[in-house]
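Beneath this line is the structure, given in structure tokens, with notes to follow.
The values are calculated or read from the model by the stated rules, or taken from the named source; none is laboratory data. This is a predicted model, so every value here is computed, not measured. Glycine gets a Cβ as well: all are built from the backbone with ideal geometry, and neighbour counts include every protein chain shown. With ligands, DNA and RNA removed, areas are computed over all heavy atoms of the protein, side chains included. Shrake-Rupley method; radii C 1.70, N 1.55, O 1.52, S 1.80 Å.
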There are 4 protein chains.
Amino acid sequence: MANSRFAYVRTYELPDPMLPGTFPIFRLDGHSFHRFSDVHGFAKPNDPRALQLMDRAARELMAEYPDIVLAFGESDEYSFLLRKQTTLYNRRQTKIVSTLTSYFTSCYVFHWSTYFPDTPLTYPPSFDGRIVLYPSEREVRDYFAWRQADTHINNLYNTAFWALVQQGGETTTQAHATLRGTVSKEKHEILFSRFKINYNDIDERFKKGSVLVREEVKNLLGDKQQQEPQSQPILQMPKQGTASKREKKRKAAVNPPTKIELLHCDIIKDTFWEMRPLLHLS
Amino acid sequence: MANSRFAYVRTYELPDPMLPGTFPIFRLDGHSFHRFSDVHGFAKPNDPRALQLMDRAARELMAEYPDIVLAFGESDEYSFLLRKQTTLYNRRQTKIVSTLTSYFTSCYVFHWSTYFPDTPLTYPPSFDGRIVLYPSEREVRDYFAWRQADTHINNLYNTAFWALVQQGGETTTQAHATLRGTVSKEKHEILFSRFKINYNDIDERFKKGSVLVREEVKNLLGDKQQQEPQSQPILQMPKQGTASKREKKRKAAVNPPTKIELLHCDIIKDTFWEMRPLLHLS
Amino acid sequence: MANSRFAYVRTYELPDPMLPGTFPIFRLDGHSFHRFSDVHGFAKPNDPRALQLMDRAARELMAEYPDIVLAFGESDEYSFLLRKQTTLYNRRQTKIVSTLTSYFTSCYVFHWSTYFPDTPLTYPPSFDGRIVLYPSEREVRDYFAWRQADTHINNLYNTAFWALVQQGGETTTQAHATLRGTVSKEKHEILFSRFKINYNDIDERFKKGSVLVREEVKNLLGDKQQQEPQSQPILQMPKQGTASKREKKRKAAVNPPTKIELLHCDIIKDTFWEMRPLLHLS
Amino acid sequence: MANSRFAYVRTYELPDPMLPGTFPIFRLDGHSFHRFSDVHGFAKPNDPRALQLMDRAARELMAEYPDIVLAFGESDEYSFLLRKQTTLYNRRQTKIVSTLTSYFTSCYVFHWSTYFPDTPLTYPPSFDGRIVLYPSEREVRDYFAWRQADTHINNLYNTAFWALVQQGGETTTQAHATLRGTVSKEKHEILFSRFKINYNDIDERFKKGSVLVREEVKNLLGDKQQQEPQSQPILQMPKQGTASKREKKRKAAVNPPTKIELLHCDIIKDTFWEMRPLLHLS
């Protein structure tokens, strides 16, 4: 075949397996989203539509890839925990990173108009992705604690900052100067004394970020009744999506029916993890 | 800061620089596009709209990333040659793969309705990406020859196959059986004797795939007049896109104005390469 | 400086850090030791001098590198467990593998004449080395169990094989044929019924391999009295060896005085590990 | 088999192939050789015995591994160029680095007494090794130029430094101070005016380092007559060494008879390379 004398170039593709027995965490970050949020008029400090769109794309990704058991999102980033034992794409790192980044991006653009019905997308947004491997549960928990602590720090700062700008009439330069060197407590006080904002009353979504967790459906009916109305779980059923037959078979074997819950709760303390022993085995 | 005791988890992110002095080739493949093309009614064996959409996304990617100097696409895959000396994202491999895959995907979904005005996208498509490094021009040329030879082989097979099915009334199983073991010449003959199809008359786009090549604009005006009407070059100007300021400065320094030409020509023989000495230096 | 225009070649050296939080196990294997053992007249199936020389080189390696806390050897191979938290050579994998392999080899040649006083070394032996990373204690224990189970299987086979050849007068081909398909019990029986060899009476060194374990010296004097005469511990004191000042300072900080014990005991069952909680933290 | 439930630990060993089509350069460095040279009374600034021992070990390594076509040594380091097309150990990087480092170390210790008949080795020396991949001949030449330029710079400095100390009666601190900031020409002058040393008269070995190059033996007899008496070539014949049968067959297939020449010549300028077209194809 004419092709064969060129086919040697395939041998230059090197293997990149992820170390077995480690927990892969996949993280996405918006590429140049500062500009993207300006162009598309995102509300400051937090735009609920933009956050819900991120949550939606993340949820779709989890629905498509059952090996993702937990996700955490804030602002324009999202982290996903894969099962330690995952054999997705034979644990080929680049294949996983690129495919997951692609599907998330695709969902983001695809669902844009649902969350921004009056704001047409003016150019295609993009994300970068990476995978970091963690050897033990301790590190996995600390990773998610790191992201949620970051959410808290950023949100407090941004809330104070935009209050100073939007309500206090400061320029952005002045606002940064006002906040320079202030500790947490002082930011709370600025918010309260100058703007009557009690930080504790702010939407949990903004303060805690978004937690998507895959839960087993034990009693389908009973479970449905208990669940908070706002959590909109997706029942993980074999879906009419892009998954190949092989993917589907893999899913079926792995999965009892699960649903994906959206929460805005603390994941730094032990409670969240103690209630979900499955995450420990993942 | 509360964050600091968790921040150690960052140290688990390992470096993945691409070897300096090598030519990076980035390739995308559609994920489960067999199904995607069925669901969206792609014409067989080739759907011009689908190919043009791929070309469009590829062109936008090249416009966004000036270090891409050449691209080749067929069916649901596209390959991109980056300059040997590229310092894009400090040559971090995963960052490059994930970002480029993401942007291409985003463009594909964003521009879908332009090419499929009457076919709504029913679910979000995705792509996987990879980078392979080649040490020399010889291997780069052989890589592109490998892809174009593959285009030829596949297209001849598919053209014959779908003629047998669509015009010859064979089932797909029968058509595969008819073609089993046939050489190139026999497929030509089946096409001609049974369906009056002269394979040589088939659209070059289908036989040769799509070549996108970045060319320097020497004489902007004169050049514009010469260019074939169908090639629709994008003049590479500082664009209002997602690029950060730093990206843009980098581009400006690197670039004399360039345009991206779409061709459907042979890239296996020497002529294409001899006419483009810049690719040799890349 | 004349050197500077060439110095760019240094940038081609890529980083290769070991993933943090994992247990590195370094394993050495003799290169073409079948031939080496023939040329130097090693006794079959086991040559105590050769095994003691391996143990000696391994012990010296542990004395030189305090981050090695456990080692296991059989035949011409040796495995070394490094502390999970080791920062040796900044966890650069190739640096560690090459240096440890080099030092072990050097010790092997250096101490040859002590263990083979009447057999001059006729050519320089060599070893290959590798590092495998394990995320948890479970896998570390299974790794060592894997090696010790291998020792058992090989030694039983070899003991029976060489009995058949040396005492039974079979050719090596015949001996292999005699043993083909036999299970453990049958080999025991061949040994006992034909050669009056009770496999259980064979030297533990041959059956169990060599275990070198670093133990803390709590009561230096008392400890010395208890220890079995054959174990020849090396008291880990700052030594006049090849270690750089920086190495030494690192050692001093890390180390309470330790000694390295040589054992020929079971490391598959729990007892060994339960008695050494320090290995769990390593 | 008892072994099988543990054997999964093997899957944690990850592949590390070297990129095809690149030139591997393997470099060894003495570990803590400052101390080693003090303890063993190496002459300063250069000890011919020590350098000859390095050359000997390097030559033995080349004799054992025919894919090494060129080597360059200075002080306690040595670099080895492998053929671009080498398939040694399936291009597994760690296997190559560790085995070559081990064999070199072994040769160094094994041949010690030949070069230091009156100086017993007091402890086992070690080396670290690394492999760097270069995509083209340009970089390979610049690599060797980099090392030879380094030899020149170091040797001039050390020659001046030790003249100041040994003949000028300066302390080492004073000598460093005397030389601080001096350019090449000034060091030449110090040597000549104060110590009557004409740097140009110094042994080429010290000024240029050691070059070991594999040359094809075209006319075995004629060739032998031409060769300078001091170069002691090793005729590369199938040897009684550690090589496995498979290794040997590989060698035989690859090799016309070659010999390894030791030179102390310039390898920065073109002449050396133009005379050896085989190195270009390597």
Exercise. How far apart are the C:TYR157 label points across copies, placing each 7 Å from Cα toward Cβ, in nm, shortest first?
Worked result: 4.3, 5.5, 6.2
For this session: Would you kindly work out, in nm and rounded to one decimal, the distances from the label point of C:PRO117 to those of the same position in each other copy, ordered shortest first, with label points 7 Å along Cα-to-Cβ?
Result: 2.6, 9.7, 9.9
Exercise. So what's the net charge close to B:VAL165: Lys and Arg +1, Asp and Glu -1, counting the other residues with Cβ under 13 Å from its Cβ?
Worked result: +1
Seminar exercise, completed: Taking Rh as the Kirkwood radius computed over alpha-carbon pairs of the range B:18-107 and applying Stokes-Einstein at 20 °C with viscosity 1.002 mPa s, one gets a diffusion coefficient in µm² s⁻¹ of 154
For this session: Would you mind putting B:28-40, D:194-206 in packing order, based on average other-beta-carbon counts within 10 Å, highest first?
Result: B:28-40, D:194-206
Seminar exercise, completed: What a careful reader reports for the chain A Cβ nearest the rotation axis onto chain D, distance rounded to whole angstrom, is A:PRO15, 2
Exercise. When the accessible area of the range B:178-218 is computed with all protein chains present and a 1.4 Å probe, what percentage of it is carbon and sulfur?
Worked result: 47
Problem set entry | Relative contact order for the range A:76-210, counting Cα pairs under 8 Å that sit 6 or more residues apart, in percent | 18
For this session: Between the label point of D:ASN198 and that of the same position in each other copy, find the distances and list them shortest first in nm, with every label point placed 7 Å from Cα along the Cα-to-C-beta direction.
Result: 8.4, 8.5, 9.5
Problem set entry | Distance histogram for the range A:34-190 (every C-alpha pair counted, 5 angstrom bins, percent rounded to whole numbers) | 1, 8, 15, 17, 16, 15, 12, 9, 5, 2, 0, 0
Exercise. What's the buried accessible area, both sides, between D and C using a 1.4 Å probe, rounded to 100 Å²?
Worked result: 5000
For this session: Using protein chains only (no ligands, no nucleic acids) and a 1.4 Å probe, work out which residues of the range B:17-39 have their accessible area cut by at least 50 Å² relative to the chain alone.
Result: B:LEU19, B:PRO20, B:HIS31, B:ARG35
Seminar exercise, completed: Kirkwood-based Rg/Rh on the Cα set of the range A:111-215 evaluates to 1.06
For this session: For peptide D:109-115, compute the average count of partner chain beta-carbon atoms within 10 Å of each residue's beta-carbon.
Result: 3
Exercise. Of the heavy-atom accessible surface of the range A:9-148 (probe 1.4 angstrom), what whole percent is carbon and sulfur?
Worked result: 47
Problem set entry | Set B:LYS84/D:LYS84; B:LYS84/D:LYS207; D:LYS95/D:LYS269 screened for pairs whose C-alpha atoms are more than 24 Å apart | B:LYS84/D:LYS207; D:LYS95/D:LYS269
